[in-house]
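Notes follow the structure.
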Amino acid sequence: MVIVAGQIFVDPAEREHYLAGCVDAIEQARQAPGCLDYALSADLIDATRINIFERWETLEAVQAFRGSGPSEEQGAAMLAASVAEYDVANVRSLT
């Protein structure tokens, strides 16, 4: 399993517009082969921050979906980003 997690930072005045522009990509990701979960969300404390969480069956599934990455418009709106991929060997359910 692969987890992609981190945050991107945008102008607070543009955050809702940025997230609204991601709805199609989120819907596509959730329907993509190998996607177990995909979410972008506004941070509750930092008005510039958008949290990223993705869970995929394999690295190949991530790469097949991701393609060239964010659009030019999304890339231009990002002030900064810190996102990483994690290879997960074991999972323990907490529920």
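The values are calculated or read from the model by the stated rules, or taken from the named source; none is laboratory data. In this text the structure is predicted, and so the values were computed from the model without any measurement. Here the Cβ positions follow ideal geometry from the backbone for every residue, glycine too, while neighbour counts run over all protein chains shown. Note: accessible area is taken over every heavy atom of the protein model, side chains too, but ligands, DNA and RNA are not part of it. Shrake-Rupley method; radii C 1.70, N 1.55, O 1.52, S 1.80 Å.
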- For Ala47, which of the numbered conditions (1) farther than 17 Å from Val4 by Cα; (2) touching a Ser or Thr at 6+ places or on another chain (Cβ under 8 Å) fails to hold? (2)
- Message: Anything in segment 36-70 that is open to solvent by 40 Å² or more (accessible area, probe 1.4 Å), out of contact with any Phe, Trp or Tyr (no Cβ under 9 Å at 6 or more places or on another chain) and without any contact (Cβ under 8 Å) to a residue 40 or more places away in the chain? List them, or say none.
- Response: Leu44, Ile45, Ala47, Glu60, Gln63, Ala64, Arg66, Gly67, Ser68, Pro70
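Does segment 56-69 contain any residue that is β-branched (Val, Ile, Thr) and farther than 21 Å from Pro12 by Cβ? Break it down stepwise before answering.
The first filter runs over segment 56-69 and keeps only residues β-branched (Val, Ile, Thr), leaving 58, 62.
Subsequent filtering for residues that are farther than 21 Å from Pro12 by Cβ retains 58, 62.
Yes, some residue in segment 56-69 is β-branched (Val, Ile, Thr) and farther than 21 Å from Pro12 by Cβ.
What strands (runs of 3 or more DSSP E), lying completely within the chain, carry at least 1 residues that are in contact with a helix residue (DSSP H, G or I) (Cβ under 7 Å, 6 or more places away or on another chain) and among the small types (Gly, Ala, Ser)? Walk me through it before giving the result.
Working: elements: 2-10, 35-42, 49-56, 78-87.
Where strands (runs of 3 or more DSSP E) fall fully within the chain and carry at least 1 residues being in contact with a helix residue (DSSP H, G or I) (Cβ under 7 Å, 6 or more places away or on another chain) and among the small types (Gly, Ala, Ser), they are 35-42.
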- Across (1) hydrophobic (A, V, I, L, M, F, W, C); (2) within 15 Å of Gln74 (Cβ to Cβ); (3) open to solvent by less than 30 Å² (accessible area, probe 1.4 Å), Phe9 clears everything bar (3)
- Task: Within segment 75-95, work out how many residues are open to solvent by 40 Å² or more (accessible area, probe 1.4 Å), free of Cβ contacts under 8 Å to residues at least 60 places away in the same chain and within 18 Å of Gly21 (Cα to Cα).
- Result: 1
